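Have a look at the structure below, then the notes.
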Amino acid sequence: MPTANEPAGRGSTRTAVVWSGLEPVLAQGGPRDVLDIGGGTGGLAVRVGGLGPRVTVVDPSPDALAALDRRANEYDVAVAGRQGDLSSLLEVVGPDSADVVLCHGVLEVVDDPAGALATLARVVRPGGVLSLLVAQRHAAVVARAMAGHFQQALEMLDPQTGSAPIGRTGRRYTSDELTVLAGDAGFAVDTVHAIRVFTDLVPGSLLDVESGASAALVELEQAVADRPEYLPLATQLHLLAHRP
């Protein structure tokens, strides 16, 4: 079963801070209903299910849901898969159907982010929690410039164009924009954490060769995650909010 003590490596450093924020939420109370929007093959859902909650993954891809079923069987975890997306979510699961909603890597590609969050607010039960993971704009500007894509970097600087879909990568958000979107949808924002501040900049060969490097990198990422000055440097933002 995948656990919080996964083997060291770049993959674990990319998910460690998100998981450390989620784990206390999932540990509150007894069995809970968790909904994973766009959960795909269940990498996160199966891990969550291993803690005891009832987990449902909603994803538009039947192939991904088939892989989810295989993964859940491999780890002997009961995770339900349903075909759908944010536009059909209320028909698929109904309102007030989840104590925790995971929406990771989805808000970047929806046509109407404000409408999507309004839908999520109807799905989360009163007192329930939304976990939102999105790509962060400022780090994307730097990454595009370093790769020589100067025009893309320039376009991302303007909030009016930078939040619009750009090629296959979709939208990018700042911490302020994300907080406003969640608040306008009726959520009370609890925390916004910086995710992958350093991880994407560290050579993979260093993590493979240097003993203890991955663990030290995770410790560093966790140390800066809740420092607001590092939010503009993060590849991703992890927002936790609740429905009053």
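The values are calculated or read from the model by the stated rules, or taken from the named source; none is laboratory data. Predicted, not measured: the structure shown is a model, and the values here were computed from it. Cβ atoms come from the backbone with ideal geometry, glycine included; neighbour counts cover every protein chain shown. These accessible areas exclude ligands, DNA and RNA; they are computed on the full protein's heavy atoms, side chains included. Shrake-Rupley method; radii C 1.70, N 1.55, O 1.52, S 1.80 Å.
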Worksheet entry | Extreme residue, most open to solvent (accessible area, probe 1.4 Å), among residues of region 22-51 that are touching a strand residue (DSSP E or B) at 6+ places or on another chain (Cβ under 7 Å) and part of a loop (DSSP other than H, G, I, E, B) | 31
Item to complete: Write out, first by first residue and then by second, each pair whose Cβ atoms fall under 9 Å of each other, whose residues are 6+ apart or on separate chains, and whose first residue, in region 170-188, is in a loop (DSSP other than H, G, I, E, B) while the second is among the polar types (S, T, N, Q) and open to solvent by 20 Å² or more (accessible area, probe 1.4 Å).
Response: 171/163; 172/163; 174/163; 185/119
Response to the item:
Exception for residue 231 within (1) at pLDDT 90 or above; (2) open to solvent by 40 Å² or more (accessible area, probe 1.4 Å); (3) in a helix (DSSP H, G or I); (4) not polar (S, T, N, Q) falls at (2)
Fill in: region 52-68, residues that are modelled with pLDDT under 95 and crowded, with 18+ Cβ neighbours inside 10 Å
53
Worksheet item: If you take the residues of region 203-228 that are open to solvent by 80 Å² or more (accessible area, probe 1.4 Å) and of a type in the set (Asp, Glu), which of them is farthest from residue 108 (Cα to Cα)?
Response: 210
Worksheet entry | Filtered residue count, region 84-131, keeping only those that are touching a Cys at 6+ places or on another chain (Cβ under 9 Å) and in a loop (DSSP other than H, G, I, E, B) | 0
